[in-house]
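> Handing you this structure, nothing more for now.
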Amino acid sequence: MIEVRNVIKSFEGRTVLHDISCVFEKGKNNLIIGQSGSGKTVLMKCLIGLIQPDSGEILYDGRDLLKLKTPDLKMLREEIGMLFQGSALFDSMTVMENVMFPLTMFSNLITIEREKRAQFCLERVNLHGAEDRFPSEISGGMQKRVAIARAIALNPRYLFCDEPNSGLDPQTSILIDELINDITKEYNITTIVNTHDMNSVLGIGDNIIFLNKGQKEWVGNKDQILTSSNEALNNFVFASPLFKSVKKAAVSEEFAKEFPNG
Amino acid sequence: MPLVKSVSTLGSYVLLMKKVFSVPERWSVFFQQFIREVCKLILDSIWIVVIISIFIGAVITIQTQLNMSTPLLPRYTVGLATRDVLLLEFSSAIMCLILSGKVGSNIASEIGTMRVTEQIDALEIMGVNSACFLILPKIAALVIFIPILVILSMFTGILGGYLVALTTNVISVSTYIYGIQTAFIEYYVFYSLQKSLVFAFIIASISSFYGYSISGGAIEVGKASTNAVVISSIFILLFDVILTKILLQ
Ligand SMILES: Nc1ncnc2c1ncn2[C@@H]1O[C@H](COP(=O)(O)OP(=O)(O)O)[C@@H](O)[C@H]1O
Ligand SMILES: [Mg+2]
């Protein structure tokens, strides 16, 4: 579980995160949603310590990230896996070497065991036969999978995903979402996903935090999101014509139920 | 304001170097990276060092002969002058200027691309000291092997002059050979090697610094690699003056 308390962050006098407090639960897909520029990435980078917030606390099962000493911070880092928006695979290494990298740096396994573990992770993300290829030689969806395999190589307790399906086609998107969901449930880890994709929200959103211009606007889950009365949230959710028509259909259905005789 | 900016840039440079000079997490990985950098930065530069040195050695020989066609100077002065120009200045300072263009821009754009595509963030998240992991092997590779390139350049430069003597009637081979052996001061070689150690560090560290501190998108990568070359060239020339004053006087 990760607990965020009163996190504030501003850049050059412009406040990007206004006093955010929230809880990300273990074994659940915790989604941070919001428009582009609403501060999702900044919040995530604060959570993992890439950006120092101006004030606030970030508790990893009770350990305050911002107060940890270097050795403890290093230990915590090894418990964190992260999937970056652009995959961030090391392009001088092959797929296999990428997945093995955290193991090489931080585990005491011998080479054969490391290879076995990396192979297992690659199979876990349904990737076969790409071990010796370089990241530039595989498709975006495959890169995402390799990045997931690398993120789970050290059995993380916390998994962060920044826009895991940006740049992917709808089908691949759904596969990646399912993969994240399966891994979260199977290993019972705390997963946090940034997204603005409504398909993901409705697919895997166990716990959803809606950011609007750096403010926490709404908290709920995928069953509550369509029926919320929050205006900003509705503008976000029903922005696309598809969802507008879904809403219209839902409303007219309810209308028909309430007044069966027209 | 430019002064404030330079001071703060210098400050960030010093802080980055502090991060770079720490003990690598895994020596085996460090060694692997080191070998990779040597192949990419040094082995790939051998041909350019050889070609440029041969041509410059040849040109210096021809020009010196033209400017010294007075009976007051012995003919072998041409060989002597060629050798000393190479040993004192060309093979260290000018060669490093050329290498800063080739190697420096390569380093800055590689690290810059890693910054822009969040690969450096990925390293940090894993708990790897990204500065030490990426930059230390490059500094080590250049500081150890650029002096060797400098020696190579000295030999091939003198060879360039020899080829001129052999193929033209500018100077006879025996006079040239006599010239390059006359009044040889060993210390010139050590002076050049000491300079090249400093230049190698300047190229590696400044280029890495400009790549590492990029913020923003792909356009910044181009800017960083230009800055890396310009600034490291300026510092090479500055330290050329300083070190010459210290070491030769
Ligand atoms: N390093 C930075 N310096 C200044 N402003 C930044 C920085 N990073 C992000 N911002 C600003 O913070 C706001 C939120 O950005 P971000 O978190 O990336 O949005 P998104 O929700 O699309 O991920 C944006 O207006 C962006 O311009
Ligand atoms: Mg973002």
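> May I ask you to list the residues in region A:1-29 that are within 14 Å of another protein chain (Cβ to nearest Cβ) and either away from ligand 2 (no atom under 16 Å from the Cβ) or in contact with a strand residue (DSSP E or B) (Cβ under 7 Å, 6 or more places away or on another chain) (or both)? First the steps, then the outcome.
Within region A:1-29, the subset within 14 Å of another protein chain (Cβ to nearest Cβ) is A:11-12.
Answer for region A:1-29, where residues must be within 14 Å of another protein chain (Cβ to nearest Cβ) and either away from ligand 2 (no atom under 16 Å from the Cβ) or in contact with a strand residue (DSSP E or B) (Cβ under 7 Å, 6 or more places away or on another chain) (or both): just A:Glu12.
> What number of residues within region B:191-227 satisfy the criterion of being small (Gly, Ala, Ser), assigned to a helix (DSSP H, G or I) and within 19 Å of B:Lys18 (Cα to Cα)? Steps first, answer last, please.
Step one: filter region B:191-227 for residues small (Gly, Ala, Ser), giving B:192, B:196, B:200, B:204-205, B:207-208, B:211, B:213, B:215-218, B:222, B:224-225.
Now narrow it down to the ones that are assigned to a helix (DSSP H, G or I): B:192, B:196, B:200, B:204-205, B:207-208, B:211, B:218, B:222, B:224-225.
Checking the rest, the ones that are also within 19 Å of B:Lys18 (Cα to Cα) come to B:200, B:204-205, B:207-208, B:211.
Residues meeting the conditions: 6.
> To continue, here is another question. I'd like to check something: does region A:139-148 contain any residue that is without any contact (Cβ under 8 Å) to a residue 60 or more places away in the chain and open to solvent by 70 Å² or more (accessible area, probe 1.4 Å)?
The initial filter retains those residues of region A:139-148 that are without any contact (Cβ under 8 Å) to a residue 60 or more places away in the chain, namely A:139-143, A:145-146.
Then drop every residue that is not open to solvent by 70 Å² or more (accessible area, probe 1.4 Å), which leaves none.
Scanning region A:139-148, I find no residue that is without any contact (Cβ under 8 Å) to a residue 60 or more places away in the chain and open to solvent by 70 Å² or more (accessible area, probe 1.4 Å), so the answer is no.
> Given the condition assigned to a helix (DSSP H, G or I) and more than 17 Å from B:Val221 (Cα to Cα), answer yes or no: does some residue in region B:106-123 qualify? Before you say what the answer is, go through the steps one by one.
Going through region B:106-123, the residues assigned to a helix (DSSP H, G or I) turn out to be B:106-116, B:119-123.
After this cut, where a residue has to be more than 17 Å from B:Val221 (Cα to Cα) as well, the list is B:122-123.
Yes, region B:106-123 contains at least one residue that is assigned to a helix (DSSP H, G or I) and more than 17 Å from B:Val221 (Cα to Cα).
> Which ones in region A:189-233 are buried (at least 17 other Cβ atoms within 10 Å of the Cβ), among the polar types (S, T, N, Q) and more than 16 Å from ligand 1 (Cβ to nearest atom)?
A:Thr190, A:Thr191, A:Asn207
> Then there's this: What are the pairs, 6+ residues apart or on separate chains, where a residue within region B:116-131 that is at the interface with another protein chain (Cβ under 7 Å from one of its Cβ atoms) has its Cβ under 6 Å from a residue that is assigned to a helix (DSSP H, G or I) and of a type in the set (S, T, N, Q)?
The qualifying pairs are B:Glu124/B:Ser130.
> State all residues of region A:78-119 that are aliphatic (A, V, I, L, M), more than 9 Å from chain B (Cβ to nearest Cβ) and in a helix (DSSP H, G or I); if no residue qualifies, say none. If you could, list the steps in order and put the result at the bottom.
In the first step, residues of region A:78-119 are kept if they are aliphatic (A, V, I, L, M); the result is A:80, A:82-83, A:88-89, A:93, A:95-96, A:99-100, A:103, A:105, A:109-110, A:112, A:118.
Narrowing further to those that are more than 9 Å from chain B (Cβ to nearest Cβ): A:83, A:93, A:95-96, A:99-100, A:103, A:109-110, A:112, A:118.
Across region A:78-119, the qualifying residues are A:Val95, A:Met96, A:Val99, A:Met100, A:Leu103, A:Ile112, A:Ala118.
> Also, I was wondering about something else. Those residues that are open to solvent by 50 Å² or more (accessible area, probe 1.4 Å) and touching a residue at least 60 places away in the same chain (Cβ under 8 Å), I need them from region B:189-204; list them, please.
Initial filter on region B:189-204 (open to solvent by 50 Å² or more (accessible area, probe 1.4 Å)): B:190, B:194, B:197, B:201.
Scanning region B:189-204 gives a single hit, B:Phe201.
> Out of curiosity, is A:Lys144 more than 13 Å from chain B (Cβ to nearest Cβ), modelled with pLDDT of 90 or more and under 16 Å from the mean Cα position of the chain (by Cα)?
On the way: more than 13 Å from chain B (Cβ to nearest Cβ): yes; modelled with pLDDT of 90 or more: yes; under 16 Å from the mean Cα position of the chain (by Cα): yes.
Taking the combined requirement at face value, the residue satisfies it.
> Sticking with this structure for a sec: Residue check: is A:Ile176 away from ligand 2 (no atom under 16 Å from the Cβ) and touching a residue at least 24 places away in the same chain (Cβ under 8 Å)? Please lay out each step first, then the result.
Details: away from ligand 2 (no atom under 16 Å from the Cβ): yes; touching a residue at least 24 places away in the same chain (Cβ under 8 Å): yes.
Yes, satisfied.
> Can you pull out every residue in region A:50-77 that is over 17 Å from A:Met1 (Cβ atoms), within 14 Å of another protein chain (Cβ to nearest Cβ) and either within 16 Å of ligand 1 (Cβ to nearest atom) or not in a helix (DSSP H, G or I) (or both)?
A:Leu50, A:Ile51, A:Gln52, A:Lys69
> What do you reckon, is B:Ala140 assigned to a helix (DSSP H, G or I), open to solvent by 10 Å² or more (accessible area, probe 1.4 Å) and within 17 Å of B:Trp27 (Cα to Cα)? Spell out how you get there, then give the answer.
Details: assigned to a helix (DSSP H, G or I): yes; open to solvent by 10 Å² or more (accessible area, probe 1.4 Å): yes; within 17 Å of B:Trp27 (Cα to Cα): yes.
The answer is yes for B:Ala140.
> Test A:Ile32 against the criterion of being more than 14 Å from chain B (Cβ to nearest Cβ), under 29 Å from A:Ile204 (Cα atoms), touching a Pro at 6+ places or on another chain (Cβ under 7 Å) and within 16 Å of ligand 1 (Cβ to nearest atom), and give yes or no. It would help to see each step written out before you state the result.
Details: more than 14 Å from chain B (Cβ to nearest Cβ): yes; under 29 Å from A:Ile204 (Cα atoms): yes; touching a Pro at 6+ places or on another chain (Cβ under 7 Å): no; within 16 Å of ligand 1 (Cβ to nearest atom): yes.
It is false that A:Ile32 is more than 14 Å from chain B (Cβ to nearest Cβ), under 29 Å from A:Ile204 (Cα atoms), touching a Pro at 6+ places or on another chain (Cβ under 7 Å) and within 16 Å of ligand 1 (Cβ to nearest atom).
> Please report, ordered by residue number, the helices (runs of 4 or more DSSP H) entirely within region A:149-262 with at least 2 residues that are touching a helix residue (DSSP H, G or I) at 6+ places or on another chain (Cβ under 6 Å) and not small (Gly, Ala, Ser). Break it down stepwise before answering.
Values: elements: A:170-187, A:198-204, A:231-237, A:241-258.
Hits in region A:149-262: A:170-187.
The values are calculated or read from the model by the stated rules, or taken from the named source; none is laboratory data. A quick note: this is a predicted structure, and the numbers were derived from the prediction, not measured. Glycine also receives a Cβ, built like all others from the backbone with ideal geometry; neighbour counts cover every protein chain displayed. Protein only, heavy atoms only, side chains kept; ligands, DNA and RNA dropped before computing areas. Shrake-Rupley method; radii C 1.70, N 1.55, O 1.52, S 1.80 Å.
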